[in-house]
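Structure first, then comments.
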Amino acid sequence: MSSTLPLHMYIRPLTIEDTHEVRALENKGFPPEERASLENTEFRLTVCPELCSGLFIRDVEGIEVKGEKLIGHIMGTKVPAAAGNAQGPPMISLESMGKVHDEASGTVGIHSVVIALEHQKKNLATLLLTDYIQKLSNQEVGQRIVIIAHEPLVPFYERIGFQLHGENRDVKSDPAFSKSKWCDMVRELVKEEYEN
């Protein structure tokens with residue numbers, strides 16, 4: 001596995017036309033119980049594509065673009081406030097992992113971050129997340145991003161500015177997710193100020 005970055009790489013918002021590639025990458029990147037369903041994928045790409053980013057490689061011959069291949073993605077929605085959750089920001093719940101998007105919410109929930117196996121260990125997840133955070137911050141889409149992460153991934157997300165907020169008990173209550181520890185993490189969004 002080469003650590004060289006792929007040529008002709010770029011990031012763009014995902015659209016409903018990307019559904020097949022998103023599903024293929026999701027199927028390769030996650031065990032069956034953690035994959036978004038086709039219905040959830042289509043919902044996210046239809047209702048809030050601005051919260052879904054893809055990392056692509058262009059197939060270029062000379063100056064002609066022959067096509068593109070999705071090698072990584074982030075899928076997000078706006079997470080509604082949970083009833084009775086007055087202690088901090090809304091977190092990802094079993095309910096919000098479904099076909100849920102609350103446009104009025106100030107919290108963006110990331111449901112998946114995945115990089116194709118052959119392109120891992122090249123800091124591409126960091127690149128994709130950094131781009132995502134910067135875009136959401138500067139577009140003032142919300143006040144924060146939340147994610148649930150497997151415990152071994154906590155240090156990775158902390159390096160990108162997420163803070164650990166403890167174990168996600170709602171997700172743990174589902175037998176499909178109870179095999180490992182899921183951690184709530186939060187990253188505040190701050191608009192970058194530029195001098196004129």
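The values are calculated or read from the model by the stated rules, or taken from the named source; none is laboratory data. Remember, it's a predicted structure, so these values are computed and weren't measured experimentally. No Cβ is skipped: glycine too gets one built from the backbone with ideal geometry, and neighbour counts run over all protein chains shown. Remember, those area values only see protein heavy atoms, side chains included, never the ligands or the DNA or RNA. Shrake-Rupley method; radii C 1.70, N 1.55, O 1.52, S 1.80 Å.
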Practice item. Could you look through segment 1-17, keep only residues that are assigned to a loop (DSSP other than H, G, I, E, B) and at pLDDT 90 or above, and pick out the one that is surrounded by the fewest Cβ atoms within 10 Å (Cβ to Cβ)? Key: Thr15
Check your understanding: Using beta carbons and a limit of 8 Å, which pairs, at least six apart or on different chains, have the first residue in segment 6-18 and closer than 14 Å to Val47 by Cα and the second one assigned to a loop (DSSP other than H, G, I, E, B) and of a type outside the set (Phe, Trp, Tyr)?
Key -> Pro13/Cys52; Leu14/Cys52
Review point. Among the residues of segment 124-146, how many are open to solvent by 20 Å² or more (accessible area, probe 1.4 Å) and assigned to a helix (DSSP H, G or I)?
Key: 8
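Restricting to segment 147-188, give me the number of residues that are in a loop (DSSP other than H, G, I, E, B) and closer than 16 Å to Thr126 by Cα.
Filtering segment 147-188 for residues in a loop (DSSP other than H, G, I, E, B) gives 160-162, 168, 173-181.
Still in the running and closer than 16 Å to Thr126 by Cα: 160-162.
Residues in segment 147-188 being in a loop (DSSP other than H, G, I, E, B) and closer than 16 Å to Thr126 by Cα: 3 in total.
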Practice item. Scan the strands (runs of 3 or more DSSP E) fully inside segment 18-123 and keep the ones with 2 or more residues being surrounded by fewer than 21 Cβ atoms within 10 Å (Cβ to Cβ) and at pLDDT below 95. Key: 53-61, 64-78
